[in-house]
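Below: the structure, in structure tokens.
The values are calculated or read from the model by the stated rules, or taken from the named source; none is laboratory data. From a predicted model like this one, the values you see are computed outputs, not experimental measurements. Counting neighbours? That spans all protein chains shown, and the Cβs are built from the backbone with ideal geometry, glycine included. Heavy atoms of the whole protein, side chains included, go into the accessibility calculation; ligands, DNA and RNA do not. Shrake-Rupley method; radii C 1.70, N 1.55, O 1.52, S 1.80 Å.
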Amino acid sequence: MKNFYSQYIDDDLWLIQELEWARPLQNIRESQFALGNGYFGARGVLEEIPYDAMPGTYLAGVFDKMLSQVAELVNLPNAFNFRFTVKGEKLDIVAMDVLKHKRILNLKKGLLARHTLYQNSKKSRFDYKSLRFASMDNKNIGVMQISITPLDGPCEIDINTGIDTSVSNVGVLTEGNKRHFRIKELGQSQDAGYLAVETLGKKHTIIYWSGFYYETNGKKVFARNNIFSLKLRKNQAIVFTKVFCIKRFPCDNNLSQYKKQTFKAFSGAFRAKFEDLIRNHIRAWKKLWEKADIIIEGTANLQQDLRFNIYHMLICANTDDGFSSIGARTLSGEGYRGHIFWDTEIFLMPFYLFNFPEVAKNILLYRYKRLHEARQLTKKEDSRGVRFPWESAGTGEEETPEWAKDIDGSIIKILTHKFEHHITSDISYALYKYYVATDDEKFMRDFGYEIIFETARFWASRSDFNKKTKKYEINQVIGPDEFHLNVNNNAYTNIMAKWNLIIAYKSFRKIKKDSPSLCLELQRKLGLKDKEVKDWGKIAPLLSKNINRDRIIEQFDGYFRLKKTSVSETDENGIPVISPNLKSQHLDKTQFVKQADTLMLIYLLSDVYSLKTKMANYNFYIQRTLHKSSLSPSIHSIIACICSDLQRAYSLFNVSLRMDISNLYGNTKEGIHGASLGGTWQAVVFGFAGVSITREKLCVNPRMPRSWKKMVLSLLWKADMLHLELTNNTIVVKSVSRKKKRIEIGIFDKITSIKPNKKYVFERKKPILVKEYHY
């Protein structure tokens, strides 16, 4: 590998390495080494598809419901497929002796390289190298190059490639494996092969074109068949280059036209030089990292792991006018069936908002284009407005399965789709943050105000007035803490609903004053009366909440009366260990919390609560939180930062950071945890870098661990690129902008006006003293 692909694996702080073959880690590595470009994702399966491999090729937004209880992200035919045999023995990491094996994922360049030294039953050795990528330059294209050399004598080698259609979606509970597509047509033409498949529900047609050529002794030969044999001399290296194109179309009768369109895209790449394809791909990656990279001076391993998290957010980012969004396990696996949860808007979207706002916009457009289905959900429940589904897929209908595994492995009935309604205000919250950070008035006029008004309308209809308490209540809900089902007045749900109502009320008044024609148009479209809007303003301040004399917000009605519990034991990562005497079905009788609930509220609405209130709630709930969700450690890390508990902040950050690179929750094989990726980024930027949006202004107040010497990052704010270099006592900032207008930014604890395109250095007036503490 060092000689053949050395130019592609020389970036030490950007490499994730597998230094030996470990069969139990096979499916985990497939998730970790996934490639993608937002249009399609491919698991990092070995090319020979060894026994127990879980190949996965996924197109953003392509779901199918046939053969399963709910829609699933379709596992499509695998084009990263190349198999060799010599005298009946397959070159396979499971079937043959492996003398040496190494794989390297280059995060900087989006490349997966491999070097394996095989030995067959006759002690003959074969040197195998490969390099592959999902083109970030041309998002329909995938490329793979393989070199093979017989080291101990001549041989005849049999080649079998093409597109593998034997793949299937992984079985869930009692469903078993299933194939969500049927083959429509396949054949050979113009030195290449084509494959047309359609999803069983007849919603999508996917066209593949694939071809390969081989080079040896300076000759380049285009292969006309996917199965053939070649004779090689001892030490004669042969290099195969395979290029494929994959393209999605609506399911109709234009198959011939779709094949032509896809071939045109394929042909240009297939006839191009490999060097040109990979160069353009690497250039595209360079542009992404110029925006997204965060440099932390202090520890190399942390730098690699952080880039691993960012890499996986880059390979699932897409802009397709709202056709797709990002699922809970990105495009790297089939966990949660590829469904979209609140994870996307609350955990992942901030990364895109501050680096690639067009991707954040696409996430919101995905929701807007499914408003009809969200309205149907409220009609079924005699509510008004829109309520977004807890789990969404292609259509925007509710896709939550009826049954799933609990944290202890038992099968339980799922109720989240019936009661976990906070996702509706979560989406409005994300939308409004997008508006604040981008000033995208056109988006608000065309899409945003409608969502905010319709979600407020839902919360108004979902609230019941209690004549006895003279408060509005939202009963029978599930908050983010899913240990406690069907509760009344969950603080997170109520106060986020209150926020939603207030923002809708203020937004209506604003556009009625500033854009009366727009306001009238929206009122006509939605049947929205002035009185209804006034009611939002009346309901919001009367929504029920309970705060005791110690400033602790009760998670829901009766929570304080539950069995008092606290964490008594933790594992080596600082994650609480549940006593074997406490069964999962009894957790609802205790004050144990699954993940951030009340603290999630305090985090999202941080500028509403005083530091004393944050501290009181942090100290109370941190002792009761079990972190039984990948969403939990990062948020608690940020709150710990705010509350100056830096030791715990760093410990929980490390759990989030290493969630998938170390398989901490034991299920990375099902795909990379999207919420943990975004939460890790937020812990760095909103936690340790101290970035926040406070009263709609961007503020920076670093509070980094002692071992971090400096942090360097860039953020987009209202179309200006802010370059930041941070220590705990110094902020260096430069706003790169075409505008001449000054921008206001919070520096430490003071709002400061800075000129564009000028570098500023600010020193903290009272430097933070270095304390001795250990992580």
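Label-to-label distance for Leu151 and Ile414 is 4.9 nm, based on points extended 7 Å past Cα in the beta-carbon direction. Note on segment 621-725: Kirkwood hydrodynamic radius from all Cα pairs is 14.6 Å, rounded to one decimal. Applying the Kirkwood pairwise sum to the alpha-carbon positions of segment 27-153 produces a hydrodynamic radius of 15.9 angstrom. Sorting the segments 399-407, 431-439, 343-351 by their mean number of nearby beta carbons within 10 angstrom, highest to lowest, gives 343-351, 431-439, 399-407.
Think of the chain as having a plus end and a minus end, set by charges on the Cβ of Lys, Arg, Asp and Glu; of Gly298, Thr85, Asn140, Gly298 sits farthest toward the positive end of this dipole.
Please report how far the C-alpha centroid of segment 123-147 lies from that of segment 354-388, rounded to the nearest whole angstrom. What the calculation gives is 40 Å, centre to centre. Packing-based ranking of 139-146, 301-308 yields 139-146, 301-308, ordered from highest to lowest mean Cβ neighbour count within 10 Å. Derived scalar couplings between HN and Hα for segment 390-397 equal 5, 10, 10, 9, x, 8, x, 6 Hz in order, rounded to whole Hz, by the Karplus curve 6.51 cos²θ - 1.76 cosθ + 1.60 (θ = phi - 60°), x for Gly and Pro.
Classify segment 78-177 from the C-alpha gyration tensor, please: rounded if a/c falls under 1.5, else prolate or oblate depending on whether a/b exceeds b/c. Since a/c reaches 1.5 but b/c is at least a/b, the shape of segment 78-177 is classed as oblate.
Got a sec? What order do Arg83, Arg329 fall in by accessible area at 1.4 Å, biggest, i.e. largest, first?
Result, largest first: Arg83, Arg329.
Ordering Phe249, Gln261, Ser229 by the projection of their Cα atoms onto the charge dipole of segment 224-285, which places +1 on the Cβ of Lys and Arg and -1 on the Cβ of Asp and Glu, puts Ser229 at the extreme positive end. The Ser256 and Asp52 beta-carbon pair, evaluated with R₀ = 35 Å, returns a calculated FRET efficiency of approximately 0.35.
Look at the Cα gyration tensor of segment 349-401: its axes a ≥ b ≥ c give a/c of at least 1.5 with a/b over b/c, and that counts as prolate.
Calculated mean residue ellipticity at 222 nm for the chain: -8500 deg cm²/dmol, from DSSP H runs with n ≥ 4 weighted as -39500 (n - 2.57), summed, divided by the residue count and rounded to 500. Annotation: the antiparallel percentage among DSSP beta bridges lying fully within the chain is about 95.
On the principal axes of its alpha carbon atoms, segment 211-360 extends 55, 52, 28 Å, with the longest extent given first. The relative contact order of the chain, computed from alpha carbon pairs under 8 Å that lie at least 6 residues apart in sequence, is 11 percent. These residues, Asp749, Asp645, go from largest to smallest accessible area, 1.4 Å probe, as Asp749, Asp645. Using all pairs of distinct alpha-carbon atoms, the Kirkwood hydrodynamic radius of segment 312-441 works out to 15.3 angstrom. 3J(HN,Hα) along segment 626-642, derived from phi through the Karplus expression 6.51 cos²θ - 1.76 cosθ + 1.60 where θ = phi - 60°, amounts to 9, 6, 8, 8, 5, 6, 7, x, 5, 5, 5, 4, 5, 4, 4, 4, 4 Hz, with x in place of Gly and Pro. Angle between the Cα long axis of helix 357-368 and the longest principal axis of the chain, 0 to 90 degrees, nearest 10? That works out to roughly 70 degrees. The peptide list 270-277, 700-707, put in order of mean Cβ contacts within 10 Å with the highest first, becomes 700-707, 270-277.
In order along segment 324-333, the phi-based Karplus estimate (6.51 cos²θ - 1.76 cosθ + 1.60, θ = phi - 60°) of 3J(HN,Hα) comes to 10, 10, 10, x, 4, 10, 6, 10, 10, x Hz; Gly and Pro are listed as x. Spatial offset of segment 441-513 relative to segment 1-75 amounts to 40 Å, using the alpha carbon center of each. Considering only Phe508, Thr565, Ile547, and ranking their Cα positions along the charge dipole of segment 492-578 that arises from unit charges at the beta-carbon of Lys, Arg, Asp and Glu, the one farthest toward the positive end is Phe508. The charge dipole of the chain, taken about the Cα centre with unit charges on the Cβ atoms of Lys, Arg (+1) and Asp, Glu (-1), comes to about 2120 debye, rounded to the nearest 20.
Taking the longest Cα principal axis of the chain as reference, the axis of helix 530-539 is set at about 80 degrees. Relative to the longest principal axis of the Cα atoms of the chain, the long axis of helix 300-314 makes an angle of roughly 90 degrees.
Using a probe of 1.4 angstrom and keeping all protein chains present, the accessible surface of segment 5-89 works out to 33 square angstrom per residue. Averaged over its residues, segment 322-463 has an accessible area of 29 Å² per residue, based on protein heavy atoms and a 1.4 Å probe. Within the accessible surface of the chain, defined with a 1.4 Å probe on protein heavy atoms only, the carbon and sulfur portion equals 49 percent.
Express the C-alpha Rg of the chain as a ratio against the empirical globular expectation 2.2 N^0.38 Å, rounded to two decimals. So the chain has a normalised radius of gyration of 0.99. Stretching the chain fully between Asp439 and Ile183 yields a gain of 87.5 nm (0.36 nm per residue, less the alpha carbon separation).
Solvent-accessible area of Cys251, all protein chains in place: 40 Å² (probe radius 1.4 Å, heavy atoms, ligands and nucleic acids excluded). Shape class of segment 230-302 from the Cα gyration tensor (axes a ≥ b ≥ c, square roots of the eigenvalues): oblate, since a/c reaches 1.5 or more and a/b does not exceed b/c. Computed with a 1.4 Å probe on the full set of protein chains, the accessible area for Lys379 sits at about 130 Å². Determine, from the Cβ-Cβ distance of Glu290 and Asp571 and an R0 of 35 Å, the FRET efficiency 1/(1 + (r/R0)^6), rounded to the nearest 0.05. In this case the efficiency is close to 0.35. Heavy-atom accessible area, probed at 1.4 angstrom with all protein chains present, ranks Arg764, Arg658, Arg549 as Arg549, Arg658, Arg764, highest first. Might you work out the accessible area of His627 for me, using a 1.4 Å probe with all protein chains in place, and round it to the nearest 10 Å²? Here the residue's solvent-accessible area equals roughly 10 Å².
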